[in-house]
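The values are calculated or read from the model by the stated rules, or taken from the named source; none is laboratory data. Predicted, not measured: the structure shown is a model, and the values here were computed from it. Heads up, the Cβs are rebuilt from the backbone with ideal geometry, glycines too, and the neighbour counts pull from every protein chain shown. Keep in mind that these areas ignore ligands, DNA and RNA; they rest on the heavy atoms of the full protein, side chains included. Shrake-Rupley method; radii C 1.70, N 1.55, O 1.52, S 1.80 Å.
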Protein chains: 4
Amino acid sequence: MTVDPDKRTFESQGFGHSLDWELPAALLIIDFVRGFTKPDVFGGFNTRSAALNTIAVLDRFRQLAWPVAFTRIVYANDSSDANIFSQKVPSVLSLTEDNPDSHVIDELKPLDGELVVCKTAPSAFFGTSLLTFLTQKGIKTIAIAGATTSGCVRASVVDAMSFGFKPIVITDCVGDRVESAHVSSLRDMGMKYADLATSQDFFERLHHS
Amino acid sequence: MTVDPDKRTFESQGFGHSLDWELPAALLIIDFVRGFTKPDVFGGFNTRSAALNTIAVLDRFRQLAWPVAFTRIVYANDSSDANIFSQKVPSVLSLTEDNPDSHVIDELKPLDGELVVCKTAPSAFFGTSLLTFLTQKGIKTIAIAGATTSGCVRASVVDAMSFGFKPIVITDCVGDRVESAHVSSLRDMGMKYADLATSQDFFERLHHS
Amino acid sequence: MTVDPDKRTFESQGFGHSLDWELPAALLIIDFVRGFTKPDVFGGFNTRSAALNTIAVLDRFRQLAWPVAFTRIVYANDSSDANIFSQKVPSVLSLTEDNPDSHVIDELKPLDGELVVCKTAPSAFFGTSLLTFLTQKGIKTIAIAGATTSGCVRASVVDAMSFGFKPIVITDCVGDRVESAHVSSLRDMGMKYADLATSQDFFERLHHS
Amino acid sequence: MTVDPDKRTFESQGFGHSLDWELPAALLIIDFVRGFTKPDVFGGFNTRSAALNTIAVLDRFRQLAWPVAFTRIVYANDSSDANIFSQKVPSVLSLTEDNPDSHVIDELKPLDGELVVCKTAPSAFFGTSLLTFLTQKGIKTIAIAGATTSGCVRASVVDAMSFGFKPIVITDCVGDRVESAHVSSLRDMGMKYADLATSQDFFERLHHS
């Protein structure tokens, strides 16, 4: 990676320190539903590959019996829960329970005991029971995968951090429909809100901590 | 502005529609405190000019007697409220009540009856009474000024939108310490969460609606 | 009603003032599902009659085309969202989507465009999109019906008030499984959090305001 | 205590199970400020004795170096944060930073590192950083002292439970201005939201768990 002069600005002001990762940890998989892995629906750029990269991470969390939570965007059939998000992006109202594009991809199919929350806002925490699921288990660190990096992932990272959890963005497991948004949000999150780690580094570092 | 090919991706998927601006409206001024207008503290790029551009907008809201709210980042003197944000950016812990850099700049000094909330997270809504202030007044639209565009402004815009308010980002009144972060967050917000308007356009459009 | 000496204590300290009811208003119907109208499931005392008294209020709101929202308690089939509430009251885990006792009674069946939120906590606001539904519409006053008075109604009233809405508890439309809990919570709410009105008084007062 | 027939109704429906207390635990002291221990301000019945009973509990938490948090009701000098609560109870607006009645009593004076949050709503969690303070530490159980039992204590217990924490109400350390409200809220909380324990039982049970 070449040197980013903007990073120097951030670092000179004290941004970008690392978090101390503490167990217990949970895995949060955001909006890896069919529609977000298809370039002609809500996906694009690296959303499909990021979703497939998440399979191994999910397997590992399951082997460890660590908590796993999923999110889906789901609006009511009658659009009674239409909101400002759906004014900016009317096409999201198509993501109803009956629309296969609103369901988690088969490769990451949730198992019994894993939380699946439906939401109508970017953050995985907004209007869902995710927070309670994590708090009850004393979770301190959240590994975050999902789509899109600049959208629901970033919004969830900001909330996770604000609520007192340490977010680790798994860089090969988050995807966006456009590369520029992916790159700039990864940089912003690493400077201000979260640690960034590849899936390989994530488990290596956990192993040694 | 040149054509952004990424915008076409967003637009082909249904992003970037305009909101219908409804009154009543409030003005939210985020973290325009001394430290965020100084390049050697937490400011840089256009944070100072954006703060100064906000003077006229604030005046207009005051003439209209429309609600105004300010935020400041303020940590406790004993750092008892240190959090994940202050782990990523330890220098924010210096923003205590006694530190002049934590106070709203003189040019925008809050008046009696204007809400000033202190926060320790990016969003103006997190752990504050801002939501209640707005809800009580039946506010539907929030004009947003402040710093930084990619930080507390963006986090507040996401929350404003999630909570059911229409956020209008006043583009000449939001500033960031680095230009790239400013530009990419403006684009993302305009596509997904908020309408963008210059301060001049904001009042012209309100006048005709 | 005889004079309650405790009320005098409250009133001498400044409690129990009336709210100014402002439009727009919404109707919130809390947990009037089958199981809460049956004395051998989660109902008792006046929950059934309170639910039936709500029919006329609902009709009136529909005639006025004012917003209506319903809540249901619904846990996941795999109990992945079990929580502290379900530790205190394990029987609530039986209220899954498939259990007819979790569905709104036929007499109050929600129509298209009316919000129905599922929750796993007492408050109608907790982990739901209710707040956003109300905020978007600029709602200022919420008429509240439902069960139980001392449980989900009271928790929702506290949240409604905290979030900046004026709660009006419709006294003949809220029910509890035991009378003592009903009476003491009505008193507490009227002193601290909400106005109390019969359904007849509610519409009469609205008519004259 | 004589048998309460209403309790049988609760228990026949599955209410009133005990929580499994898990460490780490925190102590939450709600509104034990001067004004709430004075019968002519906002206190009465047992608020003063409950506050004094809390001294020993606080000492013990400090010896154990377990987290402690306090709440105070504090409104802005200009009443810019007046809300629905202050419409029902206008006298609460007198609790400004400058009013000695808004300060924690000397006997329970907070130490450095203990969180003190200011609030304008009943729940200790509403618009404060309390949740983040607890989540960051992986807190699972919250011992709750404060005033009033039927007001801010009960509202905080409901939120604590909803957010995934196990609330233990320390029965000799919570007080109310009227006995009837105290008694009925203790009963309701024990049935639905929290475990009840005297301060002596609390430490004995913790010792053996």
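Of the residues A:ILE55, A:ILE84, A:ILE168, the one that moves most in a GNM of chain A with alpha-carbon contacts below 10 Å is A:ILE84. Considering only C:PHE10, C:LEU28, C:SER49, the residue lying farthest towards the positive end of the dipole of the stretch C:1-54 is C:SER49, judged by Cα position with unit charges set on Cβ. Relative to one another, the C-alpha centroids of the stretch C:113-183 and the stretch D:177-191 are positioned 21 Å apart. When the surface is traced with a 1.4 Å probe over the full set of protein chains, A:LYS137 keeps roughly 70 Å² accessible. Positive end of the dipole of the stretch D:122-198 (Cβ unit charges, origin at the Cα centre): among D:SER162, D:GLY146, D:ALA124, the Cα lying farthest that way belongs to D:SER162.
Would you work out which of A:VAL178, A:HIS207, A:GLY190 lies farthest towards the positive end of the dipole of the stretch A:161-209? Charges go on Cβ: Lys and Arg +1, Asp and Glu -1. Of the candidates, A:GLY190 comes out farthest on the positive side.
Scaled against the 2.2 N^0.38 Å expected of a compact globular protein of N residues, the Cα radius of gyration of the stretch A:60-102 reads 1.59. Leaving ligands and nucleic acids aside, the A/B contact buries around 4100 square angstrom of accessible area in total at a 1.4 Å probe radius. Between the stretch C:37-55 and the stretch A:5-19, the alpha-carbon centres lie 60 Å apart. What shape does the stretch D:111-190 take by its C-alpha gyration tensor, where a ≥ b ≥ c are the square roots of the eigenvalues and a/c under 1.5 counts as rounded, a/b above b/c as prolate, and the rest as oblate? Note, shape of the stretch D:111-190 comes out prolate. Which aspartates and glutamates, if any, have their Cα less than 13 Å from the Cα of B:LYS88, not counting same-chain residues under 8 positions apart? Candidates past the 8-residue exclusion: A:GLU11, A:ASP20, A:ASP188, A:ASP195. Give me the percent of accessible area attributable to carbon and sulfur for the stretch A:12-146, probe 1.4 angstrom. The C+S portion of the solvent-accessible surface of the stretch A:12-146 is 51 percent.
Is the C-alpha gyration tensor of the protein assembly as shown telling us rounded, prolate or oblate? Criteria: a/c under 1.5 is rounded; beyond that, a/b larger than b/c is prolate, otherwise oblate. Rounded, because the longest to shortest axis ratio a/c is under 1.5.
Counting only DSSP beta bridges whose two residues both lie in the protein assembly as shown, roughly 5 percent are antiparallel. Its Cα centre serving as origin, chain C has a Cβ charge dipole (Lys and Arg +1, Asp and Glu -1) of approximately 260 debye.
Let me make sure I get this right: for the stretch A:46-191, a, b and c are the square roots of the gyration tensor eigenvalues over alpha carbons, sorted descending. Under 1.5 in a/c it's rounded, otherwise prolate if a/b > b/c, else oblate. Which is it? Verdict is rounded for the stretch A:46-191. Pairs with C-alpha atoms separated by more than 28 Å, drawn from the list D:LYS7/D:LYS109; C:LYS119/D:LYS140; A:LYS119/D:LYS140; A:LYS192/B:LYS7, are D:LYS7/D:LYS109. Among chain C residues, the one whose Cβ is nearest the axis of the rotation from C to D, given with its distance rounded to whole Å, is C:SER184, 2.
Here chain C carries DSSP beta bridges of which approximately 5% are antiparallel, counting only pairs with both residues inside. Indicate the helices, whole DSSP H runs only, in chain B that combine a mean Kyte-Doolittle hydropathy of -1.0 or more with a Cα extent along their long axis of 15 angstrom or more. Length and hydropathy pass: B:47-64, B:179-192. In Å², and per residue, what accessible area does the protein assembly as shown have when probed at 1.4 Å with the other protein chains present? Solvent-accessible surface per residue comes out at 34 Å². Per-residue shielding of C:152-163, expressed as the average number of other chain Cβ atoms within 10 Å of the residue Cβ, stands at 6.
Shortest first, A:PRO100 label-point distances to identical copies amount to 3.4, 6.6, 7.4 nm, with the label point at 7 Å from Cα along Cα→Cβ.
Normalised by the number of residues in the stretch C:1-146, the average gap of Cα pairs under 8 Å and 6 or more apart makes the relative contact order 35 percent. Considering chain D as a Gaussian network with a 10 Å cut-off on Cα pairs, which listed residue, D:LYS88, D:LYS109, D:LYS140, attains the greatest mean-square fluctuation? In this elastic network of chain D, the residue with the biggest mean-square fluctuation among D:LYS88, D:LYS109, D:LYS140 is D:LYS88. Between copies, the label points at B:PRO24 (set 7 angstrom from Cα along Cα-to-Cβ) are spaced 1.5, 4.3, 4.6 nm, reported in nanometres from shortest to longest. Using a 7 Å projection from Cα along Cα-to-Cβ, the label point at D:PRO5 is separated from the same position in the remaining copies by 2.5, 7.9, 8.3 nm, smallest value first.
Within the shell defined by Cβ-Cβ distances under 11 Å, the residues around A:PHE45 carry a net charge of -1, with Lys and Arg each +1 and Asp and Glu each -1. Only beta bridges with both residues in the stretch B:72-190 are counted; by DSSP, about 0 percent of them are antiparallel. Here the Gaussian network model covers chain A, with springs between Cα atoms less than 10 Å apart; of A:VAL116, A:VAL33, A:VAL174, A:VAL116 fluctuates the most. Secondary-structure-derived ellipticity at 222 nm for chain D, considering helices only, amounts to -10000 deg cm²/dmol, per-run term -39500 (n - 2.57) for DSSP H runs with n ≥ 4.
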